[in-house]
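Below is one structure, written out as structure tokens, with a few remarks after it.
The values are calculated or read from the model by the stated rules, or taken from the named source; none is laboratory data. In this text, all values refer to a predicted model and were calculated from it rather than measured experimentally. Note that we place each Cβ from the backbone using ideal geometry, even for glycine, and neighbour counts take in every protein chain shown.
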Amino acid sequence: AAIKNYQFDIQVKNVSRLCHAKPIVTVNGRFPGPTIYVREGDSVLVNVTNHAQYNMSIHWHGLKQYRNGWADGPAYVTQCPIQTGNSYTYAFNVTGQRGTLWWHAHILWLRATVYGAIVIMPKQGTPFPFPLPQPYREAEIVLGEWWNVDVEEVVKQGNNMGLPPNSSDAHTINGKPGPLFPCSEKHTYVLEVEQGKTYLLRIINAALNDVLFFGIAGHSLTVVEVDAVYTKPFTTQAILIAPGQTTNVLVQANQVPNRYFMAARPFMDVPIPIDNKTAAAILQYRGVPNSVLPIRPQLPSSNDTTFALGYENKLKSLNTPKFPANVPLKVDRHLFYTIGFGKESCPSCLNGTRFVASLNNISFEMPQVALLQAHYFNIKGVFKTDFPDKPPTSFNYTGAPLTANLGTSSATRLSKIAFNSTVELVLQDTNLLTVESHPFHLHGYNFFVVGTGIGNFDPATDPAKYNLVDPVERNTVAVPTGGWTAIRFRADNPGVWFLHCHLELHTGWGLKTAFVVEDGPGASQSVLPPPKDLPQC
Ligand code: C2O
């Protein structure tokens, strides 16, 4: 195992896309930022120095950070932000994980431009357990969004005016919208391939607010991994990927040499999909001239729920002796959280009210001190651990009138979880204002997606239908619109771990909470001491 050092300089840079130039926050002046490239077992040191006029923190999305929440990154959850002029070194080990993950800013909406890939190669000499030939080459495909206006303005609109913010102006592939947009010919990602070879694409959805379809004209994709966990391989014309998720696919360059579009566009449960933001990149066979017009892909239509559900059902853990799915069969703690929306009075907001989003009718209020520090140093008054295990009342979640769960209150309430206990969490969507599935991300853990369905979760019948053999294991799961998802995990990683919707708009509205996982009895089962340079508030 090696020690890998990275220097991340947070700096503002002028970038132009879609004929608009604007200053954006970057790492090392790059958009997207640099890839962290490591091997399973390596230690990583990333020194982040903040030269920008914004507070900063970086999250290593999907890395478990065993006992080491200090390196996890969400602002006011595991650390105070890195202030202008200051530095912090994120120090962590990459153990027991290999595959594609990513990093992003975890404060305000700065992840709009501050993000990049994390590639964890298997240990030296360990081949990928893939059905096709070992990939000849690999490429990172990072999907994102671009706004022509300043992202801060978009945030203000979303958080204060009680209105959904302007949606972005384009989706992007590796920071580039592609040739379907004005002034974008030069902002097109091109992947050159050789006829007859197999490629591994590491696809990441770094978009702020959109679940995306991704496909390549004329080529099928073989899914082999999601969220850095191997899956049973299956072949598909398109993948569905929610913000926060990663998907590895194999692509065989087995078609007539030509230029083929790769495209990403949103999945929305709306009757008339609006689609003017499709990002395009080009898969180009070696020797084919740039003048050839690329072939267009057939992606599922933007409201193709049938495709979406079918796709999710195909995802299963590889579950071999080498990569077993250790699904908890017995549950110590049952949690049931409803996803709701409401309005709250807000004297400083434009209409005197603002949108809030809630779990069990609690909209999460960010504290002024980091929760992990408050937990570790036993600082009183920062948070309570009385988050309810179920909603205050049960009602017809997906059929109820709009008023049924508007009684939200804002508070910093967390749930305390016993060390090494097994937890089942059912996330239940409610029929309020939602046209999107909610991608929920749990920090510090992977979990198994044991069940999902449309309508109300039925505790009497649904658990009998769970997949407890080879459910997909991941760190972010999309709870379907008007439906539910059940996840299970073993709480073996002590610390304070954020749980939130990875649609930035919803996170901003309060669709989040955190688990306080208690220390275990053993000497090596407690939260490690904080590093000396941990930022203070
Ligand atoms: Cu990818 Cu809490 O985030």
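Spot the failing condition for Leu350; the list is (1) modelled with pLDDT under 95; (2) surrounded by 15 or more Cβ atoms within 10 Å (Cβ to Cβ); (3) touching a Gly at 6+ places or on another chain (Cβ under 8 Å), and only one is missed.
If we test Leu350 against (1) modelled with pLDDT under 95; (2) surrounded by 15 or more Cβ atoms within 10 Å (Cβ to Cβ); (3) touching a Gly at 6+ places or on another chain (Cβ under 8 Å), just (2) comes out false.
Taking strands (runs of 3 or more DSSP E) that fall entirely within segment 42-155, which contain at least 1 residues that are more than 15 Å from the ligand (Cβ to nearest atom)?
Correct list: 43-50, 87-93, 99-105, 115-121, 137-146.
Looking at (1) within 28 Å of Phe355 (Cα to Cα); (2) in contact with a strand residue (DSSP E or B) (Cβ under 6 Å, 6 or more places away or on another chain); (3) modelled with pLDDT under 95, find the lone condition where Ala242 falls short.
Of everything listed in (1) within 28 Å of Phe355 (Cα to Cα); (2) in contact with a strand residue (DSSP E or B) (Cβ under 6 Å, 6 or more places away or on another chain); (3) modelled with pLDDT under 95, Ala242 misses just condition (3).
All but one of (1) more than 22 Å from Tyr311 (Cα to Cα); (2) modelled with pLDDT of 95 or more; (3) of a type outside the set (Asp, Glu); (4) in a loop (DSSP other than H, G, I, E, B) hold for Trp497; which doesn't?
Here Trp497 clears every test but (4).
When you go through Asn378, Asn351 one by one, which is the residue that is free of Cβ contacts under 8 Å to residues at least 60 places away in the same chain and not β-branched (Val, Ile, Thr)?
Just a single option satisfies the conditions, and that option is Asn378.
Yes/no per residue for (1) over 27 Å from the mean Cα position of the chain (by Cα); (2) surrounded by fewer than 21 Cβ atoms within 10 Å (Cβ to Cβ); (3) not small (Gly, Ala, Ser):
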{"site": "Gly342", "(1), (2), (3)": "no, no, no"}
{"site": "Cys346", "(1), (2), (3)": "yes, yes, yes"}
{"site": "Phe355", "(1), (2), (3)": "no, no, yes"}
{"site": "Glu365", "(1), (2), (3)": "no, yes, yes"}
{"site": "Leu371", "(1), (2), (3)": "no, no, yes"}
{"site": "Thr412", "(1), (2), (3)": "no, yes, yes"}
{"site": "Lys416", "(1), (2), (3)": "no, yes, yes"}
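Filter segment 303-330 down to residues that are of a type in the set (Ser, Thr, Tyr) and buried (at least 18 other Cβ atoms within 10 Å of the Cβ) and give me whichever is farthest from Arg490 (Cα to Cα).
If we take residues in segment 303-330 being of a type in the set (Ser, Thr, Tyr) and buried (at least 18 other Cβ atoms within 10 Å of the Cβ), then Tyr311 is farthest from Arg490 (Cα to Cα).
What number of residues in segment 413-446 are touching a Lys or Arg at 6+ places or on another chain (Cβ under 7 Å) and either at pLDDT below 90 or not hydrophobic (A, V, I, L, M, F, W, C) (or both)?
8
Give me the pairs: first residue in segment 438-452 and more than 11 Å from Leu427 (Cβ to Cβ), second residue within 10 Å of the ligand (Cβ to nearest atom) and of a type in the set (A, V, I, L, M, F, W, C), beta-carbon distance under 7 Å, and six or more apart or on different chains, which are they?
That search, which allows pairs on different chains as well, returns His443/Trp497; His443/Phe498; Gly444/Trp497; Tyr445/Trp497.
Looking only at residues in segment 500-514 that are within 16 Å of His59 (Cβ to Cβ) and modelled with pLDDT of 95 or more, which one is surrounded by the fewest Cβ atoms within 10 Å (Cβ to Cβ)?
This residue is Lys512.
Can you give me the number of residues within segment 66-76 that are under 25 Å from Val226 (Cβ atoms) and buried (at least 24 other Cβ atoms within 10 Å of the Cβ)?
Selection size over segment 66-76: 5.
Return the residues of segment 291-325 that are free of Cβ contacts under 8 Å to residues at least 12 places away in the same chain and either in a loop (DSSP other than H, G, I, E, B) or touching a helix residue (DSSP H, G or I) at 6+ places or on another chain (Cβ under 7 Å) (or both); say none if nothing qualifies.
Within segment 291-325, Ser291, Pro321, Pro324 qualify.
Please pick out the residue among Thr507, Thr513 that is in a strand (DSSP E or B), farther than 16 Å from Thr422 by Cβ and within 16 Å of the ligand (Cβ to nearest atom).
Thr513
Out of Asn209, Asn254, I need the residue that is touching a His at 6+ places or on another chain (Cβ under 9 Å) and modelled with pLDDT under 95. Which one?
Asn209
Tell me, please, whether a residue that is polar (S, T, N, Q), surrounded by 19 or more Cβ atoms within 10 Å (Cβ to Cβ), within 26 Å of Thr481 (Cα to Cα) and at pLDDT below 95 can be found in segment 377-395.
Checking segment 377-395: not a single residue is polar (S, T, N, Q), surrounded by 19 or more Cβ atoms within 10 Å (Cβ to Cβ), within 26 Å of Thr481 (Cα to Cα) and at pLDDT below 95.
Looking only at residues that are under 12 Å from the mean Cα position of the chain (by Cα) and outside any loop (DSSP other than H, G, I, E, B) in segment 469-494, which one is nearest to the ligand (Cβ to nearest atom)?
So, considering only residues that are under 12 Å from the mean Cα position of the chain (by Cα) and outside any loop (DSSP other than H, G, I, E, B), the one nearest to the ligand (Cβ to nearest atom) is Thr476.
Looking at Pro243, Pro233, which one is surrounded by fewer than 23 Cβ atoms within 10 Å (Cβ to Cβ), out of contact with any Lys or Arg (no Cβ under 8 Å at 6 or more places or on another chain) and over 26 Å from Leu293 (Cβ atoms)?
None of the others qualify; the one that does is Pro233.
Would you mind stating whether Phe457 is within 16 Å of the ligand (Cβ to nearest atom) and aromatic (Phe, Trp, Tyr)?
Here the answer is no, as Phe457 does not meet what is asked.
(1) more than 16 Å from the ligand (Cβ to nearest atom); (2) of a type outside the set (Lys, Arg); (3) assigned to a loop (DSSP other than H, G, I, E, B): which one isn't true of Gly451, the others all being true?
Here Gly451 meets the rest and fails (3).
Do you know which of the residues in segment 77-95 that are among the small types (Gly, Ala, Ser) and surrounded by 15 or more Cβ atoms within 10 Å (Cβ to Cβ) is farthest from Gly495 (Cα to Cα)?
Ser87
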